[in-house]
Every structure is written in structure tokens, then in C-alpha cells.
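Peer 1: What follows is a single structure, and I will ask about it in a moment.
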Amino acid sequence: MPNWKNIVGLSFNHEEFDIYCHSLNWTTWKPAFIVLHHTANPDLQMRPDGFTSQHMQNLTHHYRDELNWSAGPHLFIDDHKIWVFTPLTTSGIHADSFNQNSIGVEMLGDYNSDNFSEGRGLAVRKNTIAALASLHNILDIDIASLKFHKDEPNTQKNCPGKNVIKGEIIAEVEDLIIKRRGGEK
Ligand SMILES: [Zn+2]
């Protein structure tokens, strides 16, 4: 069994996540870009109240014991919180050739079918935009470098789903970064 990197297992709101990211030191591993995913299974209906600590333990069991991986994705984002799974300061496993130098962000939902513009899907979207704004700002990564899992050449998955439009995500993150800096667009 590979050395499991352990999980953080904490959940944050937007402000708490930004403070948390500021407290981290990316001295041993610094990601070059961020990769966006959706969980697909579970979709929104399967997690009516979002994730819990128990779900993080179940995911640990899945990645560590069933898949025999050393880590998983870095973040799991639901309609309430931003959950930190694999520590952000070490590489995770989420997208084959992208793993070595990227942060993997999983959004709860199946956005080939779940609505990403209304209701719970919109709440997941807003939490994701906030988390991406913090990470791109703190790591000084250009949001234009954002990748989707489906950009990875070895995958067949339509991840994060057809309802997630990269140009919209990039524009929304860009706007939020500018807004947080108190600047004009
Ligand atoms: Zn994916």
C-alpha cells in the first residue's frame, strides 16, 4: 500500500478558506495550475445536506483502501462549505498527467444533468468561485490557466459536465479577485 498522505478533513466558508490558505506554506510543492472536476457520483440528490466528516472518512477509505492511492483530490466543495481533503501543500491524485503540478478541486454534483445556474448547483458554483479566487490570488496563478479534467489527454470523462462553461468560471473568478482587491474592473 502506498504511503497515504492523510487528509485535512476541515470545512470552511469563503472567508475562513481564504484565511486558511494564507496560513499555508507552499515551500515543498507549488502547484502551477488548478483542475476543476465534478463528483458526478454522488450527484446533488445523493447528498441532500452536502458533505459531512463521515463522507470525508468514506472518501479516505475509497482512495486509500479501494484504489490504493497515496492521496485524492485537494478540495471537495458542496453547497455549504469548502472541504479540504488532501493537504493543499502536497500533490494529490485526481487527473493523471496533471497530478504532479496541479490542485484538484471537486464540485459536488453531476453537471451533465444537475443545474449549475440555480438552486443548490448555483450555491456550489459560488463556493467554487470563492475558493478558486483565493487559490489563484494567493498562489499568483493566472486564472486563464484553469483546466478542466476533460482537458487531460488520457481521460474519457466529460468532467466537470457540460453545464460548466470554462469561460464563465474564469470571468467570475477574475471579477471576484478584482472585487476583493477593492478595485474597479
Ligand atoms: Zn474529474
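Peer 1: What is the one condition in (1) away from the ligand (no atom under 16 Å from the Cβ); (2) within 17 Å of Val35 (Cβ to Cβ); (3) exposed (fewer than 15 other Cβ atoms within 10 Å of the Cβ) that Asp140 does not satisfy?
Peer 2: The single condition Asp140 does not satisfy is (2).
Peer 1: Here is a follow-up. Say we look at the stretch 82-122 and pick out the residues that are among the small types (Gly, Ala, Ser) and on the phi > 0 side of the Ramachandran plot; which of these is nearest to the ligand (Cβ to nearest atom)? Steps first, please.
Peer 2: Residues of the stretch 82-122 among the small types (Gly, Ala, Ser): 91-92, 95, 97, 102, 104, 109, 113, 117, 119, 121.
After this cut, where a residue has to be on the phi > 0 side of the Ramachandran plot as well, the list is 109, 119.
Working: Gly109: 12, Gly119: 22 Å.
So, considering only residues that are among the small types (Gly, Ala, Ser) and on the phi > 0 side of the Ramachandran plot, the one nearest to the ligand (Cβ to nearest atom) is Gly109.
Peer 1: Is it the case, given these coordinates, that Thr128 is in a loop (DSSP other than H, G, I, E, B), under 12 Å from the mean Cα position of the chain (by Cα) and among the polar types (S, T, N, Q)? Break it down stepwise before answering.
Peer 2: Working: in a loop (DSSP other than H, G, I, E, B): no; under 12 Å from the mean Cα position of the chain (by Cα): yes; among the polar types (S, T, N, Q): yes.
Considered against the rule, which asks whether it is in a loop (DSSP other than H, G, I, E, B), under 12 Å from the mean Cα position of the chain (by Cα) and among the polar types (S, T, N, Q), Thr128 comes out as no.
Peer 1: When you look at Ile177, is it in a loop (DSSP other than H, G, I, E, B), more than 16 Å from His37 (Cα to Cα) and modelled with pLDDT of 95 or more, yes or no? Before you say what the answer is, go through the steps one by one.
Peer 2: Numbers: in a loop (DSSP other than H, G, I, E, B): no; more than 16 Å from His37 (Cα to Cα): yes; modelled with pLDDT of 95 or more: yes.
Criteria not met by Ile177.
Peer 1: Can you run down the residue pairs with Cβ atoms below 6 Å, 6 or more apart or on separate chains, where the first is in the stretch 1-26 and closer than 12 Å to Leu75 by Cβ and touching a residue at least 12 places away in the same chain (Cβ under 8 Å) and the partner is among the small types (Gly, Ala, Ser) and not in a strand (DSSP E or B)?
Peer 2: As it stands, the answer is Phe17/Ala131; Phe17/Ser134; Cys21/Ser134, since those pairs meet every condition given.
The values are calculated or read from the model by the stated rules, or taken from the named source; none is laboratory data. Model, not experiment: these values are computed from the prediction. A quick note on method: Cβ atoms are made from the backbone with ideal geometry, for glycine too, and the neighbour counts reach across all protein chains shown.
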